[in-house]
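Participant: Below you will find the structure I want to go over with you.
The values are calculated or read from the model by the stated rules, or taken from the named source; none is laboratory data. Being a predicted model, the structure only gives us computed values, none of them experimental. Methodologically, a virtual Cβ is constructed for each residue, glycine included, from the backbone with ideal geometry; neighbour enumeration extends over all protein chains shown.
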Amino acid sequence: MRTKATVFLGGGRITSALAAGLRLGGYPGEIVVYDRNPAKLRALRRESRVEIARDLKSAVERAGMLVVAVRPASVAELLKEVAACGARAPTLCVSLAAGIPLRKLRGQLGPATRWVRAMPSPVCRMGRGLTALNFDQSVTRSERRRVRSLFALVGAVLEIPEKQFDVFTAVYSSSHGYHALANLAKAAQASGLDRATALTAAAHALSDGILYWRESGQRLEDLLREAVTPGGIAAATMNAMDAAGYPLAMKAGIRAAIQQARRNARR
């Protein structure tokens with residue numbers, strides 16, 4: 001008998017990031033991936049030494065933990081295919097689909113299947129990710145430990161109520177950092193810096209400042225007071241950005257993300 005594996009249904013970006021992070025973190029178990037795209041599977045095998053499932057049935061048969069890693073719009077159809085593939089689904093399934101609540105997952109693969117929602121960051125590729133977890137009530141203690149241990153290999157793990165998942169999904173994305181970096185560097189270039197210097201200065205402002213906050217243990221409010229001297233350049237910058245609507249833009253972005261997650265839930 002082959003040992004039971006962690007099986008990913010879907011070989012996209014988040015599977016690629018998790019597989020790489022798990023290998024980096026020393027995960028000793030077998031990682032099996034099923035996807036209809038052969039190019040994705042070949043890339044995953046080269047990068048992270050995953051095993052490729054020849055078909056959906058063989059993937060499900062191998063699974064000790066089944067990870068659903070497809071787009072929200074594809075979840076319902078995929079679960080129908082799993083239920084009809086002729087293999088018994090494992091008792092432990094994890095959904096990475098943003099916005100799809102547990103109530104939409106329960107019972108899809110039979111009453112014996114217990115579901116977990118997980119929202120991992122793509123930064124888990126380098127072991128510095130952040131994953132939110134929510135467990136259905138039926139998930140056992142040992143299964144909860146197993147899931148936490150898996151995601152702890154790729155970064156920090158939080159367990160939060162499901163009602164907070166949509167907001168967490170909107171806020172935690174590394175895209176906020178990339179978006180801020182791109183716009184701050186673009187503004188610096190427009191004001192006279194060359195591109196390389198603009199990116200260096202903007203990256204320092206964002207990543208190094210946040211790293212200091214995380215490692216110093218100081219309150220964010222105290223660091224802001226320290227950095228933004230009244231009458232100084234930083235104060236002028238912050239005041240102008242606030243007046244231009246920076247806080248309102250942030251709120252609008254978060255609202256839009258939450259609304260999209262809720263549309264996913266209605267699929």
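Participant: Taking the condition under 25 Å from Met65 (Cα atoms), surrounded by fewer than 19 Cβ atoms within 10 Å (Cβ to Cβ) and not assigned by TED's automatic domain parsing to the domain that holds Lys251, does Leu158 pass?
Facilitator: yes
Participant: Suppose the filter is more than 20 Å from Ala5 (Cα to Cα), crowded, with 20+ Cβ neighbours inside 10 Å and modelled with pLDDT under 95; does Gly99 pass it?
Facilitator: Yes.
Participant: Arg36 - would you say it is closer than 16 Å to Val82 by Cβ and either touching a helix residue (DSSP H, G or I) at 6+ places or on another chain (Cβ under 7 Å) or assigned by TED's automatic domain parsing to the domain that holds Leu150 (or both)?
Facilitator: yes
Participant: How many of the residues making up the stretch 102-151 are crowded, with 20+ Cβ neighbours inside 10 Å, more than 25 Å from Arg88 (Cα to Cα) and of a type in the set (D, E, K, R)?
Facilitator: 1
Participant: Also: Take the conditions in the same structural domain as Ala98 (by TED's automatic domain parsing), in contact with a Lys or Arg (Cβ under 8 Å, 6 or more places away or on another chain), of a type in the set (Phe, Trp, Tyr) and closer than 30 Å to Ile31 by Cα and apply them to Phe151. Does it pass?
Facilitator: no
Participant: With the stretch 219-267 as the region, which helices (runs of 4 or more DSSP H) entirely inside it contain at least 1 residues that are closer than 30 Å to Lys163 by Cα and touching a residue at least 40 places away in the same chain (Cβ under 8 Å)?
Facilitator: Those helices (runs of 4 or more DSSP H) span 246-265.
Participant: Within the stretch 27-44, how many residues turn out to be assigned to a helix (DSSP H, G or I) and crowded, with 16+ Cβ neighbours inside 10 Å?
Facilitator: Total meeting the criteria: 3.
Participant: For a quick check of your reading: which strands (runs of 3 or more DSSP E) sit entirely within the stretch 86-198 and have at least 1 residues that are basic (Lys, Arg)?
Facilitator: Output list reads 114-120.
Participant: Next question. The conditions are (1) in contact with a Cys (Cβ under 6 Å, 6 or more places away or on another chain); (2) farther than 22 Å from Arg267 by Cα; (3) surrounded by 18 or more Cβ atoms within 10 Å (Cβ to Cβ), and Leu66 fails exactly one of them. Which is it?
Facilitator: (2)
Participant: Considering the stretch 20-50 alone, what residues qualify as being in contact (Cβ under 8 Å) with a residue 12 or more places away in the chain and under 24 Å from Glu77 (Cα atoms)?
Facilitator: Residues satisfying the conditions are Ile31, Val32, Val33, Tyr34, Asp35, Asn37, Lys40, Leu41, Leu44.
Participant: Also, I was wondering about something else. Please enumerate the residues belonging to the stretch 114-161 that are over 19 Å from Ala261 (Cβ atoms) and aliphatic (A, V, I, L, M).
Facilitator: If the condition is that a residue be over 19 Å from Ala261 (Cβ atoms) and aliphatic (A, V, I, L, M), then Val123, Met126, Val139, Val147, Leu150, Ala152, Leu153, Val154, Ala156, Val157 are the ones that fit.
Participant: Separate question: Of Ser191, Ser216, Ser207, which residue is surrounded by 10 or more Cβ atoms within 10 Å (Cβ to Cβ), farther than 21 Å from His176 by Cβ and among the small types (Gly, Ala, Ser)?
Facilitator: Only one candidate qualifies: Ser216.
Participant: For Val60, only one of the following conditions fails: (1) of a type in the set (A, V, I, L, M); (2) closer than 23 Å to Ala152 by Cβ; (3) in contact with a Gly (Cβ under 9 Å, 6 or more places away or on another chain); (4) surrounded by 20 or more Cβ atoms within 10 Å (Cβ to Cβ). What is its number?
Facilitator: Every listed condition holds for Val60 apart from (2).
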